[in-house]
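Here the structure is laid out as structure tokens; the discussion comes afterwards.
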Amino acid sequence: MAAAADSPDPVSGQARERRLILAFYEQWSALAADRPYPALTDFTAAMLAPYKPFAVLIDLRGGRDQPILRAIGGRIAARLGENLVGQALERAPRHSLLSRVTDHYLEVLANRAPVAFEATFHEALGEDIPYRAILAPLSDDGENIDFILGVVNWKVETDTAAQAIDLAADLTALRAAAKAAGRSRQALYILLGDALAFWGDAHRAPADYAALLREAGVKAQSRAPFTALLKLIFGAHYDKTRLTEYAAALAHAQRQGWAPQTFRERLLAEGGMKAMVRSERRRREPRAAKHPMLLAELAQGLPALAVVDRWPADKEGDQPLLLLARRGAGGRLEVVAATPADQGEGERLARRMVRQKRSSEE
């Protein structure tokens, strides 16, 4: 993990909102070091300078049910039209950008980790404003969350010229965030969402992306394009198993047409990355073109190893099941659970048993 310094990663006034948020997360993680959270006093004025206009500080010292807006950045305050510093969080106007950000503070308390998110805000003046934000916990004693420091950035149509794609700067921010991605699943999923966004930018600037690959000595692979991307971010010597899983998840997200925020939400949902990886593996499995067989047909051709006379959970008709059994006394097998066989998993098992049967008959 990079050491904290008084001068953070440079973020210019025209920097893209993704780099600003990534730079802030890296700063927060570096200050935390081996602790769960850094303290507010760990941040120097120089560290906070790039983020101050876009920041909001929520004071929880009076209890999580009585949050106070202790500081509001100038850019955010300008959109509010009123001074809410020192006021209760609930005073934030419901249809303001500030409320869209601070509404997430309970997620930080529940996860006890930073929470990043992005969306489009429809302002009262009729303007659609894409924004990106992060809320990060702070603690004086390393256990109780005393403050939540948030950073939000947005862009409007007049910013478009200033938002030119700068893949090299984005990659620098992603690499910095990758150093801290091992802190939690949330941190990893924030990074993978950003990697998906970076992939979209890379397609809009293919020559720049190819130059980054050449500079890093990473070879592009048409069959596994996300592997090269992840090597750029995590390094060529990063754990190959993890890279493969991350690449499968990114491929799944791209195939589904998910935006980065949707991708993060799906990663956090039940099944998460494992379900995405399984889906991609099933999709890439070669089908038996010469002798296509349904799973049920494969199962019918196998000898019975044991017979259960009474099955209390017989609700699936003729659909094959996967059973979980434990070893009992006297060589018995005790079936403890059953689930309808997933086509891919069940078919692999059935085909393996068919091969074993044929080998024994030869």
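All of the numbers you see were taken from the coordinates with simple rules; none came from a lab. Just so it is clear, the structure is predicted and the values come from calculations on it, not from any experiment. Because the Cβ atoms are built from the backbone with ideal geometry, glycine has one as well, and the counts that use them run over all protein chains shown.
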> Where in the stretch 25-124 are there GluC sites (Glu not before Pro) that are in a DSSP coil and have at most 11 other Cβ atoms within 10 angstrom of their Cβ?
Replying inline: Glu82
> Taking a label point 7 Å from the Cα of Arg64 along the Cα→Cβ vector, which residues of the stretch 89-121 have an amide N closer than 14 Å to it?
Replying inline: 104-114
> Which FRET efficiency value, to the nearest 0.05, do you get for Leu80 and Gln256 by plugging their Cβ-Cβ distance into 1/(1 + (r/R0)^6) with R0 = 30 Å?
Replying inline: 0.20
>> Apply the Karplus curve 6.51 cos²θ - 1.76 cosθ + 1.60, θ = phi - 60°, to the phi angles in the stretch 233-238 and return the couplings in whole Hz, x for Gly and Pro.
In response: 7, 8, x, 5, 9, 5
>> I'd like the Karplus ³J(HN,Hα) series for the stretch 135-144: coefficients 6.51, -1.76, 1.60, θ = phi - 60°, whole numbers in Hz, and an x wherever there's a Gly or Pro.
In response: 10, 10, x, 10, 8, 6, 9, x, 10, 7
>> Could you check the spin-label model distance between Arg352 and Asn144? Points 7 Å from the Cα along Cα→Cβ, value in nm.
In response: 5.3
>> In the stretch 185-284, if the dipole is taken from +1 on Lys/Arg beta carbons and -1 on Asp/Glu beta carbons about the Cα centre, which of Ala195, Ala207, Phe226 is farthest to the positive end?
In response: Phe226
> Sorted by average packing, counted as other Cβ atoms within 10 angstrom per residue and highest first, what order do 134-141, 241-248 take?
Replying inline: 134-141, 241-248
>> Give me the one-decimal Kirkwood hydrodynamic radius in Å for the stretch 17-162, with the sum taken over alpha-carbon pairs.
In response: 15.5
> With r defined as the distance between the Cβ atoms of Thr120 and Leu268 and R0 fixed at 22 Å, what FRET efficiency is calculated, to the nearest 0.05?
Replying inline: 0.60
> If you stretched the chain out fully between Leu323 and Arg204, how much longer would it get, using 0.36 nm times the residue separation minus the C-alpha to C-alpha distance?
Replying inline: 38.0 nm
> In debye to the nearest 20, how big a dipole does the stretch 185-284 give about its Cα centre with +1 on each Lys and Arg Cβ and -1 on each Asp and Glu Cβ?
Replying inline: 520
>> Set the bar at 31 Å for Cα to Cα. Now go through Lys52/Lys231; Lys52/Lys219; Lys179/Lys274; Lys52/Lys274 and name every pair that lies beyond it.
In response: Lys52/Lys231; Lys52/Lys219; Lys52/Lys274
> In a shell of Cβ-Cβ distance under 13 Å around Tyr238, excluding Tyr238 itself, what net charge do Lys and Arg (+1) and Asp and Glu (-1) give?
Replying inline: +3
